[in-house]
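Beneath this line is the structure, given in structure tokens, with notes to follow.
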Amino acid sequence: MKIIKNYLYNVFYQVFVLLVPLVTMPYIARVLGPTGVGINSFTNSNTQYFILLGSIGVSLYGNRQIAYYRDNRAKASQIFWEVFLMRMITIVIALGAFFVFLGFVQDYHQAYVMQAILIVAAAFDISWFFMGFENFKVTVLRNIIIKLISLACIFIFVKGKGDLTLYIAILSISQLIGNLTLFPYLKHYINLPNWRELKIWQHFKPSMVLFVPQIATQVYLILNKTMVGKMVSVEAAGFYDNSDKIVKMVLAIVTATGTVMLPRVANTFAKGDHEQVKKYLYQSFDFVSVISVPLMFGIAAIAPKFATMFFGKAFAPVGPLMMLESVVILLIAWSNVLGVQYLLPTGHNREFTISVTIGAIVNIILNIPLILWIGTQGAMIATVLSEVSVTAYQFYVVRHDLDLGQMAQELWKYLLAGFMMFAVVLYMNLTMPFSMVKLVIQVLIGIVIYGGVLLLTRPKILNYIKRGK
């Protein structure tokens, strides 16, 4: 029941996170325009490099280590303070490097200074600790309250193109405040450490092992926006970013399983119950497949007219980008199960690192020629092919440990239902005058078609749902 409860907390939060941008993005797109949106995207992507540098893999490493030792309060306390203080030092170094970087930058200084608050906020992000304890309620409720406050501030204070710096400040400061609000809850889980016995740097090397795949992952999550901004225009970077935000918001509903399952699988693996680990994986793979297939086909089906209606006519290029990027919903859902829910918690760090490194290499090799050839769509194609390579390698790695035939047994039923839904909804999207009401109708019809085909094909997951398992 705890897994289900945590998943529902995460899904509720991810749906909330989905709804907030659905309210703010059309407003911001019209108020700040393509240039303002592009500048925010471009400066944020560059700032993320320094956040990544300072965080050194702590989110994954800390989560896993706390999950291993959460039944030992003294050990968990010592691990928390050691990891927290280590990242505090590395974040300070990263912040210094960021201001050195600013000395060589000629444009967007005010935007960059506001983005720097995000680096400070990263130093106080201890959500990994509560995830290790599988307490998702604390982080979810805190995030919802802070996001509601930031939402109100955006509508109250951001009124025109000259408010770009203020908009970035609101987003950054709300992140910092949100992270600080978690600290009062620590007293229920840990004690003050034995300061003389702190061994901060013993965590550096194993954290760096998980830092390498995060670097590789960020290459094709952030570098694409940077390259599009430099090689095409900041407006094009804004188009790419808006498409990416819509797809990743939807994807977050699926990858919420990874956030929940990593500490659970890690704790189960630490107890030596390997069969239960596999059982978790098979059920999780089936679950994310049945959810991600309709999301992938649904986003692709509504994309042609969605961008113009949602962002405004100036953002029409976002539609084709969304159709291309929708494929990654299924790919990342699978790699989330194989990588985050299996390889990492069971100690297969090397294999996980190789998989995302392959994705980064594929992205770098393809990005430049594809961007030069077809612009922003080329960057999106490179992103999709990168995710294909990551997922394919992870399947190859686990082929002897997991029964791939059992994992894919019901997949054809989901794909058949998804394709039939896609054909009908896409036809409606292309032939009907588009409006919010018609969008809702298309979504509802898509759900009915997908659900109807599943009822006819009777996949096993329906029995799990019926039995409540």
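Please treat every number below as a calculation from the coordinates, not as lab data. Just so it is clear, the model here is predicted, and its values are computed rather than measured. FYI the Cβ positions are ideal-geometry reconstructions off the backbone, even for glycines, and counts take in every protein chain you see.
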(message) Between Glu275 and His109, what is 0.36 nm times their sequence separation minus the Cα-Cα distance? Round to one decimal in nm.
(response) 54.3 nm
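Kindly identify region 102-169 as rounded, prolate or oblate by the Cα gyration tensor criterion: order the square roots of the eigenvalues as a ≥ b ≥ c, call it rounded if a/c is under 1.5, otherwise compare a/b with b/c, prolate if a/b is larger, else oblate.
Details: a/c = 5.44, a/b = 1.52, b/c = 3.57.
It comes out oblate by the Cα gyration axes.
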(request) Determine the dipole magnitude for the chain: charges of +1 sit on the beta-carbon of Lys and Arg, -1 on that of Asp and Glu, nothing else is charged, the reference point is the Cα centre, and the result goes in debye to the nearest 20. (result) 1020
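So what is the relative contact order for region 2-409, in percent, with contacts set as C-alpha pairs under 8 Å and at least six apart?
Working: 565 pairs, mean separation 89.5, N = 408.
Worked out over region 2-409, it gives 22 percent.
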(request) Per DSSP H run of at least 4 residues, take -39500 (n - 2.57); add these up for the chain, divide by its residues and hand me the 222 nm value, nearest 500 deg cm²/dmol. (result) -28000 deg cm²/dmol
(message) Are there DSSP H segments in the chain that both extend 24 Å or more along their axis (alpha-carbon positions) and score a mean Kyte-Doolittle hydropathy of at least 1.6? List them, or say none.
(response) 136-157, 164-180, 436-457
(request) State whether region 2-409 is rounded, prolate or oblate according to the following rule on the C-alpha gyration tensor (a ≥ b ≥ c being the square roots of its eigenvalues): a/c under 1.5 gives rounded; otherwise a/b larger than b/c gives prolate, and the remaining case gives oblate. (result) oblate
(request) Please state, as a whole number in µm²/s, the translational diffusion coefficient that the Stokes-Einstein equation yields for region 300-385 at 4 °C and 1.567 mPa s, with Rh defined as the Kirkwood radius across alpha carbon pairs. (result) 89
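What translational diffusion coefficient, in µm²/s and rounded to a whole number, does the Stokes-Einstein relation yield for region 77-229 at 25 °C and a viscosity of 0.890 mPa s, taking the hydrodynamic radius as the Kirkwood radius over Cα pairs?
In µm²/s, the coefficient rounds to 138.
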(message) With the cut-off at 1.5 for a/c, could you classify region 16-134 from its C-alpha gyration tensor as rounded, prolate or oblate?
(response) oblate
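Taking 25 Å as R0, compute the FRET efficiency from the Cβ-Cβ separation of Tyr282 and Leu416 and round it to 0.05.
0.75
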(message) Please rank Arg64, Arg30, Arg196, fewest neighbouring Cβ atoms within 10 Å first, as an exposure proxy.
(response) Arg196, Arg30, Arg64
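Which ordering of Phe104, Phe310, Phe157 is given by a fewest-first count of other beta-carbon atoms within 10 Å? List each step's numbers first, then the result.
Numbers: Phe104 6, Phe310 20, Phe157 12.
Result, fewest neighbours first: Phe104, Phe157, Phe310.
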